[in-house]
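Undergrad: Handing you this structure, nothing more for now.
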Amino acid sequence: PADLAAMRSAEAMLAAEKKLAEQLKAGKIAGLDMILPFDELTSWPYEDGLKGMPKRIKDLSGKKVLMTGFMLPIDEVQNIKEFLLVQSLWSCCYGQPPDIHGIVRCVMPKGKKTDYFFDPLKVTGTFKVEATIMDGYCVDIYQLHVDSLETIR
């Protein structure tokens, strides 16, 4: 049952992404530069940090974007300040986890927190391209500073 639920959620996310793209094109979603799909972020062969990143990806930094995906909590499942957004829970939980360029660290606004959601999410905010280094290792290269977060049903 959990596998079927994950597949249904992924299908719902793809359908929602298509619908949102149509709404943006029709001018029904204001205040965004673009809908940013994971396929765009993972369209280049990751090496190390920002090395080899195409200019078109670097140029996304500072843009107001809308992304869809699934929440992966980092430390907690309540009062979450930061979480990872991934394209599919299916690959994270049952297959090969995404490379670092297939993960977006979402940072909630100061003083705001969220709880864990299993459903696919629609997240809007300011996208940043910046390598985060911890203990000598690059732990993420994409961050999304969240303005709004809601589930897709």
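Undergrad: If Gly102 meets every condition in (1) touching a Leu at 6+ places or on another chain (Cβ under 8 Å); (2) modelled with pLDDT under 95; (3) open to solvent by 30 Å² or more (accessible area, probe 1.4 Å) apart from one, which number is that one?
TA: Result: Gly102 fails condition (3) only.
Undergrad: Okay, moving on. Could you tell me how many of the residues in region 105-135 are open to solvent by 70 Å² or more (accessible area, probe 1.4 Å) and more than 18 Å from Leu72 (Cα to Cα)?
TA: Qualifying residue count, region 105-135: 7.
Undergrad: Would you mind stating whether Val139 is out of contact with any helix residue (DSSP H, G or I) (no Cβ under 9 Å at 6 or more places or on another chain), open to solvent by 20 Å² or more (accessible area, probe 1.4 Å) and among the hydrophobic types (A, V, I, L, M, F, W, C)?
TA: For Val139, the condition - out of contact with any helix residue (DSSP H, G or I) (no Cβ under 9 Å at 6 or more places or on another chain), open to solvent by 20 Å² or more (accessible area, probe 1.4 Å) and among the hydrophobic types (A, V, I, L, M, F, W, C) - is not met.
Undergrad: Within the group Gly49, Gly31, which residue is under 15 Å from Val146 (Cα atoms) and not hydroxyl-bearing (Ser, Thr, Tyr)?
TA: Within the list Gly49, Gly31, the selection yields Gly31.
Undergrad: May I ask you to verify whether Leu50 is at pLDDT 90 or above and either open to solvent by 90 Å² or more (accessible area, probe 1.4 Å) or in contact with a Cys (Cβ under 9 Å, 6 or more places away or on another chain) (or both)? Quick ask: steps written out before the conclusion?
TA: Details: at pLDDT 90 or above: yes; either open to solvent by 90 Å² or more (accessible area, probe 1.4 Å) or in contact with a Cys (Cβ under 9 Å, 6 or more places away or on another chain) (or both): yes.
Considered against the rule, which asks whether it is at pLDDT 90 or above and either open to solvent by 90 Å² or more (accessible area, probe 1.4 Å) or in contact with a Cys (Cβ under 9 Å, 6 or more places away or on another chain) (or both), Leu50 comes out as yes.
Undergrad: Tell me, which helices (runs of 4 or more DSSP H) wholly within region 37-137 include 1 or more residues that are farther than 20 Å from Ile152 by Cα and within 13 Å of the chain's Cα centre (by Cα)? Outline the logic, then answer.
TA: Details: elements: 38-41, 55-58, 89-94.
Those helices (runs of 4 or more DSSP H) span 38-41.
The values are calculated or read from the model by the stated rules, or taken from the named source; none is laboratory data. What you are looking at is a predicted structure, and each value in this text was computed from that prediction instead of being measured. FYI the Cβ positions are ideal-geometry reconstructions off the backbone, even for glycines, and counts take in every protein chain you see. In case anyone asks, the SASA skips ligands and DNA or RNA and just uses the protein heavy atoms, side chains included. Shrake-Rupley method; radii C 1.70, N 1.55, O 1.52, S 1.80 Å.
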